[in-house]
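**Q** The structure under discussion is supplied below as structure tokens; questions concerning it will follow.
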Amino acid sequence: MKKYLLPSIKLTVALLVLLAVIYPLLIAGIAKMAPGAGDGVKVYRDGKVVGYENIAQAFSDDTYFQPRPSAVGYNAAGSGGSNKGPTNPEFLKTVQDRIDTFMVHNPGVNKADIPTELVTASGSGLDPDLSPEGARIQVKRIATLRRVPEQKLYDLVAAHTQKSLLGPSKVNVLKLNVALDELK
Amino acid sequence: MNSEYLGIIFSYILTICIALLLARYIAKVFLGEKVWTDKLFGPLDRFLFRFMGIKEEEEMTWKEHLKALLTINMLWLVYAFFVLLFQDKLPLNPDHNPGQTPDLAFNTAISFLVNCNLQDYSGESGATYFSQLFVVTFLQFVSAATGIAALAIVFKALKEKTVTKLGNFWVYFTKSITRILLPISIVIATVLAFNGTPASFKGKDTIITMQGDTQNVSRGPAAGMIAIKHLGTNGGGWFGANSAHPLENPNYITNVTEIVAQVILPVALIFAMGIYIRRKKFAYIVFGVMTVGMFMLLIPTIVSEVHGNPAIAHMGINGANTAMEGKEVRLGIPASAYWTTMTTIISTGSVNCMHESMMPMTGGMQLLGMMINCFYGGCGVGILNYYIFIIIAVFISGLMVGRTPEFMGHKVEAKEMKIAAIIALLHPFLILAGTAISSYVIVNHGGAAWTVQPKNWLNNPGYHGFSEMLYQYTSCAANNGSGFEGLADNNMFWNVTAGFVLILARFLPIIGPVAIAGIMAQKKFIPESAGTLKTDTATFGIMTMAVIMIIAALAFFPSLALGPLAEYFSMK
């Protein structure tokens with residue numbers, strides 16, 4: 001074994017420099033040219049940072065579009081899901097409670113239209129997006145509270161829907177809400 | 001929905017195309033032929049060899065190879081343990097995270113050393129930037145390279161007629177990094193950075209949200225680590241939520257990049273074997289068996305996830321996509337189902353949705369994927385696991401037709417068979433013994449006065465709770481690293497027992513195949529004749545598949561019946 005120990009130590013030192021120093025510095029350098037300069041992409045309103053584009057934040061006010069439930073209270077320094085199994089009675093009760101709450105806050109909405117994403121916690125607890133259906137079903141509530149025509153909000157959702165050839169369509173909740181405030 | 005199926009078809013086709021291109025390149029690297037990266041990295045290689053004081057042309061026997069491999073791995077284990085233990089006293093800790101406890105550092109150091117990347121901590125609060133780079137990223141490179149180097153030894157043994165010297169371990173290992181892992185990682189990391197993954201060294205950011213809350217956002221030099229995490233089939237995440245985290249996997253483009261990145265090397269190495277040993281047909285048969293196996297796990301997974309959770313459908317809301325718990329909108333259900341199959345068969349163990357919240361049938365397929373652990377399999381080690389099954393299949397086929405079992409022109413005799421049998425049985429032994437012990441402790445010592453009482457280990461009741469424990473040991477024994485994360489695993493019992501399973505399940509399945517290949521390569525070469533059992537035929541492929549199925553089904557069926565199958569049949 002002794003014959004191999006010295007080369008092992010030397011190789012380890014050299015590779016630490018290559019892989020733990022040079023490599024991450026190189027990537028950090030390349031990322032300087034990327035959107036957000038490698039610090040994460042921020043969203044601004046009137047020149048002020050209001051959040052990260054890819055990180056969900058809580059919107060408890062009914063006059064805003066609300067993101068998906070979070071098992072970690074939208075804590076972006078401690079991500080995670082609920083880790084509840086699909087047959088766990090406690091989990092199923094939580095989902096039922098969320099449906100009931102949603103129906104109270106969104107009168108006039110057809111229960112059969114509620115997409116599951118709005119009553120289940122995301123994997124990261126920070127899911128920044130909704131499906132177009134998840135955003136549209138909140139339009140009635142917001143239009144009533146803000147006294148704006150529903151059609152105007154449907155158009156807003158449509159304008160913020162990102163479609164792609166591969167993968168699902170999505171709406172970024174934070175950017176949608178920034179646009180919602182600018183609507184007047 | 002159609003665009004989502006298109007997404008996974010595109011991902012798979014792209015994987016195979018890149019793997020085919022890479023295969024020739026990888027074969028040339030290990031054959032020592034000229035490749036286009038020589039100009040760029042040739043001087044770096046030569047510098048490293050001179051610095052280490054080794055001669056490139058000095059060849060090693062299989063025993064010398066294993067001594068070198070084990071020596072350097074043990075060195076990394078000691079090094080990683082102490083860095084994690086004292087990480088709070090080292091630089092690059094902008095978030096002021098604490099040092100790890102001894103049992104957590106033991107588990108984490110082993111876990112990354114063995115290419116498993118089971119994480120009993122969360123990246124945001126449990127590791128410093130120094131640890132993330134000097135332990136995690138470093139070990140992600142070198143553990144993948146260890147697997148590839150071990151495979152290169154076996155390639156050499158399969159190719160030659162009669163040989164004792166099998167190339168130089170340091171050369172195989174170093175070239176795996178400088179010629180394969182590092183250049184491809186740079187490309188992947190660049191794609192991630194340009195799609196919004198953090199890469200700078202800035203610490204946690206504090207912002208005021210639109211409704212006036214204070215939100216802390218963890219960041220850091222993550223892009224480079226996430227690249228090698230997938231390419232090296234490691235799987236450990238920068239953030240706690242792994243690739244479900246919207247900074248670790250910001251959009252569908254990064255999702256395709258990461259899922260393709262983790263499958264290209266396992267597949268490319270199969271084709272590289274065909275080119276290296278000049279038996280392309282043999283490689284295609286191996287690839288074919290593995291692909292059939294992959295689809296047998298993928299299809300039930302997609303069906304059960306798309307079909308969703310009937311208990312939620314009964315609540316009267318929209319019946320489509322009812323399996324969204326633990327998943328992300330930007331990725332969707334089919335891409336999550338595809339990922340979960342790939343990550344469990346190839347030992348990556350990164351997740352883009354929470355495995356614990358998936359449907360019972362999916363959980364069963366995830367477990368089965370890790371129990372078999374050789375459909376494509378991890379970087380290098382996947383083929384080594386499959387090699388064990390080939391040896392057993394050769395032996396059984398030989399007995400069935402009454403011929404001396406031979407493989408690649410060498411006799412398979414008692415010594416090799418004993419090693420193969422031990423390695424094949426080690427995997428179920430570690431998983432089932434571990435699960436049995438933890439179940440026993442919960443039932444009989446639930447109230448033991450430990451930091452976390454055993455009765456509080458599980459996050460879910462009933463069958464699913466049992467699956468949590470079974471999954472943990474299966475993930476460790478398969479060096480996978482994904483988890484049913486509800487399990488309270490950051491405590492003495494789990495950190496230590498999992499640590500031992502991890503280290504045994506890594507090094508014995510490397511030592512075994514290298515030893516078998518090394519011993520067989522020393523034997524007299526027997527030219528193929530009419531009496532030789534042909535191993536590059538579909539018949540032999542089916543035979544290998546049957547051996548895999550019998551070993552996996554017999555050993556694991558009872559435990560699967562108690563966990564995911566029982567949950568599946570009890571679902572209303």
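**Q** Among the candidates B:A505, B:A546, single out the residue that is within 25 Å of B:D103 (Cα to Cα) and part of a helix (DSSP H, G or I).
**A** Within the list B:A505, B:A546, the selection yields B:A505.
**Q** Oh, and also: Kindly indicate which of B:A449, B:A488 is surrounded by fewer than 16 Cβ atoms within 10 Å (Cβ to Cβ) and modelled with pLDDT under 95.
**A** B:A449
**Q** Determine whether B:N107 is in contact with a Ser or Thr (Cβ under 7 Å, 6 or more places away or on another chain), on the phi < 0 side of the Ramachandran plot and at pLDDT 95 or above.
**A** no
**Q** Consider the range A:92-108. How many of its residues are more than 7 Å from chain B (Cβ to nearest Cβ) and modelled with pLDDT of 95 or more?
**A** The number of residues fulfilling the criteria is 11.
**Q** Oh, and also: Can you find even one residue in the range A:14-30 that is farther than 23 Å from B:A199 by Cβ, at the interface with chain B (Cβ under 7 Å from one of its Cβ atoms) and at pLDDT 95 or above?
**A** yes
**Q** Let me spell it out: the conditions are (1) open to solvent by 70 Å² or more (accessible area, probe 1.4 Å); (2) touching a Lys or Arg at 6+ places or on another chain (Cβ under 8 Å); (3) under 30 Å from B:L158 (Cα atoms), and B:F51 meets all of them except one. Which number is the exception?
**A** Here B:F51 meets the rest and fails (3).
**Q** Keeping to the range A:22-76, report how many residues are of a type in the set (G, A, S) and closer than 26 Å to A:I137 by Cα.
**A** Final tally of qualifying residues: 7.
**Q** Starting from residues that are free of Cβ contacts under 8 Å to residues at least 40 places away in the same chain and open to solvent by less than 40 Å² (accessible area, probe 1.4 Å), keep the ones in the range A:142-165 and report whichever is farthest from A:D181 (Cα to Cα).
**A** In this case the residue turns out to be A:T161.
**Q** Here's another thing I want to ask about it. Going by what's in this entry, would A:A77 be described as surrounded by fewer than 22 Cβ atoms within 10 Å (Cβ to Cβ), part of a loop (DSSP other than H, G, I, E, B) and free of Cβ contacts under 8 Å to residues at least 40 places away in the same chain?
**A** yes
**Q** Next question. Given the range B:299-411, what helices (runs of 4 or more DSSP H) lie entirely inside it while holding 3 or more residues that are within 14 Å of chain A (Cβ to nearest Cβ)?
**A** Correct list: B:310-313, B:332-345, B:360-372.
**Q** Of the residues that sit in the range B:385-435 and are among the hydroxyl-bearing types (S, T, Y) and more than 18 Å from B:I519 (Cβ to Cβ), which one is nearest to the chain's Cα centre (by Cα)?
**A** For the range B:385-435, the residue satisfying everything is B:Y386.
Yes/no per residue for (1) of a type in the set (A, V, I, L, M, F, W, C); (2) part of a helix (DSSP H, G or I); (3) within 10 Å of chain A (Cβ to nearest Cβ):
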| site | (1), (2), (3) |
| --- | --- |
| B:I184 | yes, yes, no |
| B:A199 | yes, no, yes |
| B:K229 | no, yes, no |
| B:N234 | no, no, no |
| B:W238 | yes, no, no |
| B:E248 | no, no, yes |
| B:I253 | yes, yes, yes |
| B:E258 | no, yes, no |
| B:A261 | yes, yes, no |
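**Q** Checking the condition without any contact (Cβ under 8 Å) to a residue 60 or more places away in the chain, under 21 Å from B:A555 (Cα atoms) and either part of a loop (DSSP other than H, G, I, E, B) or basic (K, R) (or both), which residue from B:K455, B:K418 passes?
**A** Testing whether each residue is without any contact (Cβ under 8 Å) to a residue 60 or more places away in the chain, under 21 Å from B:A555 (Cα atoms) and either part of a loop (DSSP other than H, G, I, E, B) or basic (K, R) (or both) leaves just B:K418.
**Q** Now a separate question. I'd like the full set of residues that are open to solvent by less than 20 Å² (accessible area, probe 1.4 Å) and among the hydroxyl-bearing types (S, T, Y), limited to the range A:80-108.
**A** none
**Q** Using the structure shown, decide if B:K63 is touching a residue at least 24 places away in the same chain (Cβ under 8 Å), surrounded by fewer than 16 Cβ atoms within 10 Å (Cβ to Cβ), within 18 Å of B:Y172 (Cβ to Cβ) and not hydroxyl-bearing (S, T, Y).
**A** Against the criterion (touching a residue at least 24 places away in the same chain (Cβ under 8 Å), surrounded by fewer than 16 Cβ atoms within 10 Å (Cβ to Cβ), within 18 Å of B:Y172 (Cβ to Cβ) and not hydroxyl-bearing (S, T, Y)), B:K63 qualifies.
**Q** Looking at (1) buried (at least 20 other Cβ atoms within 10 Å of the Cβ); (2) more than 7 Å from every other protein chain (Cβ to nearest Cβ); (3) closer than 25 Å to B:V306 by Cα, which is the one condition that is false for A:T116?
**A** Among (1) buried (at least 20 other Cβ atoms within 10 Å of the Cβ); (2) more than 7 Å from every other protein chain (Cβ to nearest Cβ); (3) closer than 25 Å to B:V306 by Cα, A:T116 violates only (2).
**Q** Determine whether B:G293 is within 14 Å of chain A (Cβ to nearest Cβ) and open to solvent by less than 10 Å² (accessible area, probe 1.4 Å).
**A** Taking the combined requirement at face value, the residue does not satisfy it.
**Q** Out of (1) more than 30 Å from A:T144 (Cβ to Cβ); (2) crowded, with 18+ Cβ neighbours inside 10 Å; (3) in contact with a strand residue (DSSP E or B) (Cβ under 8 Å, 6 or more places away or on another chain), the odd one out for A:A31 is which?
**A** Every listed condition holds for A:A31 apart from (3).
**Q** Checking B:A193 against (1) free of Cβ contacts under 8 Å to residues at least 40 places away in the same chain; (2) under 17 Å from B:A261 (Cβ atoms); (3) more than 7 Å from chain A (Cβ to nearest Cβ): exactly one of these is not met. Which one?
**A** (3)
**Q** Please verify whether A:I55 is touching a helix residue (DSSP H, G or I) at 6+ places or on another chain (Cβ under 7 Å) and either within 30 Å of A:N106 (Cα to Cα) or facing another protein chain (nearest Cβ under 7 Å) (or both), treating the condition exactly as stated.
**A** no
**Q** Follow-up question, since we're still on this one. Please go through (1) crowded, with 19+ Cβ neighbours inside 10 Å; (2) at pLDDT 95 or above for A:G36 and return the number of the only condition it doesn't satisfy.
**A** (2)
**Q** Another question, if that's okay. Hey, B:K524 hits all of (1) modelled with pLDDT of 90 or more; (2) assigned to a loop (DSSP other than H, G, I, E, B); (3) surrounded by 12 or more Cβ atoms within 10 Å (Cβ to Cβ) but one; which does it fall short on?
**A** For B:K524, the failing item is (3).
**Q** Also, quick follow-up: State which residue is nearest to B:A223 (Cα to Cα) when the search covers only the range B:144-158 and only residues that are out of contact with any helix residue (DSSP H, G or I) (no Cβ under 6 Å at 6 or more places or on another chain) and of a type outside the set (A, V, I, L, M).
**A** Of everything passing the filter in the range B:144-158, B:T146 is nearest to B:A223 (Cα to Cα).
**Q** Next up: Does the range A:65-81 contain any residue that is within 8 Å of chain B (Cβ to nearest Cβ) and in contact with a His (Cβ under 8 Å, 6 or more places away or on another chain)?
**A** Yes, the conditions are met somewhere in the range A:65-81.
**Q** Working only within the range B:142-181, note down all residues that are over 19 Å from A:S8 (Cβ atoms), within 14 Å of chain A (Cβ to nearest Cβ) and open to solvent by 10 Å² or more (accessible area, probe 1.4 Å).
**A** Passing the criteria: only B:R179.
**Q** Test B:Y473 against the criterion of being assigned to a helix (DSSP H, G or I) and either on the phi > 0 side of the Ramachandran plot or without any contact (Cβ under 8 Å) to a residue 40 or more places away in the chain (or both), and give yes or no.
**A** Answer is no for this residue.
The values are calculated or read from the model by the stated rules, or taken from the named source; none is laboratory data. These numbers were taken from a predicted model, which means no experiment stands behind them. Note that each Cβ is placed from the backbone with ideal geometry, even for glycine, and that neighbours are counted across all protein chains shown. In case anyone asks, the SASA skips ligands and DNA or RNA and just uses the protein heavy atoms, side chains included. Shrake-Rupley method; radii C 1.70, N 1.55, O 1.52, S 1.80 Å.
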